[in-house]
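See structure below.
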């Protein structure tokens, strides 16, 4: 979900200029991708992406938890 959100925001997926087989090796070794220019996006959106892109599956929120967090972040955060 986080990668899709980045792709929708930037119109390109992370590592779009890297060979797909190389990306498969990069994903587990490198930190989670981030927005190329975070200043264009709200802290709320960046927080949501960070939750979605948590590397450790045990620490990553479930889809139900992400729905609740996104509701709280987007609708109750000061803009």
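Just so you know, all these numbers are worked out from the coordinates, no wet-lab data involved. No experiment lies behind these values; they were computed from the predicted model shown. Note that we place each Cβ from the backbone using ideal geometry, even for glycine, and neighbour counts take in every protein chain shown.
Going from the fewest other Cβ atoms within 10 Å to the most, the residues 55, 34 appear in the order 55, 34. Counting 0.36 nm for each residue step from residue 21 to residue 67 and taking away their Cα separation leaves a gain of 13.4 nm. In degrees between 0 and 90, to the nearest 10, how far off the longest principal axis of the chain does helix 43-52 point, with axes built from Cα atoms? That helix lies at roughly 60 degrees to the long axis. Could you tell me whether the chain comes out rounded, prolate or oblate from its Cα gyration tensor? Rule is a ≥ b ≥ c as square roots of the eigenvalues, rounded for a/c under 1.5, then prolate if a/b exceeds b/c, otherwise oblate. Cα axes put the chain in the oblate bin.
Counting beta carbons within 10 Å around each of 27, 6 and listing the fewest first gives the order 27, 6.
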